1. Residue under question is PHE188, and the condition is that it be surrounded by 16 or more Cβ atoms within 10 Å (Cβ to Cβ) and under 16 Å from SER83 (Cβ atoms); does it hold?
2. With the requirement that a residue be open to solvent by 10 Å² or more (accessible area, probe 1.4 Å) and closer than 22 Å to PRO200 by Cα, what does the stretch 88-98 give you?
3. Every residue in the stretch 134-157 that is in contact with a Ser or Thr (Cβ under 8 Å, 6 or more places away or on another chain) and under 24 Å from SER92 (Cβ atoms), please.
4. If you scan the stretch 114-153, which residues turn out to be surrounded by 22 or more Cβ atoms within 10 Å (Cβ to Cβ) and of a type in the set (Phe, Trp, Tyr)?
5. Can you name the number of the only condition in (1) of a type outside the set (Asp, Glu); (2) open to solvent by 20 Å² or more (accessible area, probe 1.4 Å); (3) assigned to a loop (DSSP other than H, G, I, E, B); (4) closer than 19 Å to GLN87 by Cβ that ALA234 fails?
6. For GLY174, are the conditions met, namely being touching a Leu at 6+ places or on another chain (Cβ under 9 Å) and at pLDDT 95 or above?
7. When only residues in the stretch 154-184 that are buried (at least 20 other Cβ atoms within 10 Å of the Cβ) and of a type in the set (Asp, Glu) count, which is farthest from TRP121 (Cα to Cα)?
8. Answer yes or no: is there a residue in the stretch 220-227 that is open to solvent by less than 50 Å² (accessible area, probe 1.4 Å), part of a loop (DSSP other than H, G, I, E, B) and in contact (Cβ under 8 Å) with a residue 12 or more places away in the chain.
Amino acid sequence: MKRIAMMMVLASSPAMAEMNSLFASGQARAAGDEQIVTASARPSSLFAGSSGLFAPRPERAVPAVVRAPLAGTGDAPVDRLLSLIAQAEAGSAGYDAVQHGARVRPGRPPTQMTLGEIFDWIAATPGQPHAIGRYQFIPSTLRRVAQVRGFGPETRFTAGVQDALALVLLEDAGLSRFEAGTLGRRQFMHNLARIWAGLPLPNGRSYYEGHAGNSATMTWTAFEGGMVRIWPAAG
């Protein structure tokens, strides 16, 4: 559960700048709403608007259950890629992984929490790492991909939801172009390593090596071998 940096997009803002509202108004799901998400359900857009991200929570809100298969554990190529990334990022903890450096952990396993509860935990525990889930989303990234997917604060952080959120990042890395043959395997792997700190570059080091204690958790040979097994014909 490495630091994933997801650290992903370690990029954006420091881990303490994530406490403001998270979802644009009107995005919270009504009680009883359901959404089917599969590994092939690609986000229609990768770019969120610039408006604030959290709407006031409705009174007596009931957590929305997003019913989805455990897409990340399937046999489709994208599922196998998600599993490869999870090996580097979450280890055996899987969907309930929490960054090991978090001194104050959530009160319940992440898959039993809503997005709103996760962000409440983040707001209540400043100054510590908050990477969470199978793909080790950091707060700024989690905010963005949840908005792209339209998941409100009452959405439970289930396995299916986590897979759907990770697919936004795969598209950021160029998954569709890679599958279409317009992006080479090596460049796609480089793009993935810029998102997930546990994945290596060809030199075996993390793109974020040494930053916040990050290092690659698998070798380039293992990463490349995994990709070749998933897409043997890709260039």
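1. Against the criterion (surrounded by 16 or more Cβ atoms within 10 Å (Cβ to Cβ) and under 16 Å from SER83 (Cβ atoms)), PHE188 does not qualify.
2. From the stretch 88-98, those open to solvent by 10 Å² or more (accessible area, probe 1.4 Å) are 91-96; that's our starting set.
Those that are open to solvent by 10 Å² or more (accessible area, probe 1.4 Å) and closer than 22 Å to PRO200 by Cα: GLY91, SER92, ALA93, GLY94, TYR95.
3. THR141, ARG156, PHE157
4. PHE119, TYR135, PHE137, PHE151, listed by residue number.
5. If we test ALA234 against (1) of a type outside the set (Asp, Glu); (2) open to solvent by 20 Å² or more (accessible area, probe 1.4 Å); (3) assigned to a loop (DSSP other than H, G, I, E, B); (4) closer than 19 Å to GLN87 by Cβ, just (4) comes out false.
6. Values: touching a Leu at 6+ places or on another chain (Cβ under 9 Å): yes; at pLDDT 95 or above: yes.
The answer is yes for GLY174.
7. So the residue we want is ASP172.
8. No - not one qualifying residue is present in the stretch 220-227.
The values are calculated or read from the model by the stated rules, or taken from the named source; none is laboratory data. Here the structure is a predicted model, which is why all the values come from computation and not from measurement. Virtual Cβ from ideal backbone geometry, glycine too; neighbours counted across all protein chains shown. Heads up: the accessible areas ignore ligands, DNA and RNA and are worked out on the full protein's heavy atoms, side chains in. Shrake-Rupley method; radii C 1.70, N 1.55, O 1.52, S 1.80 Å.
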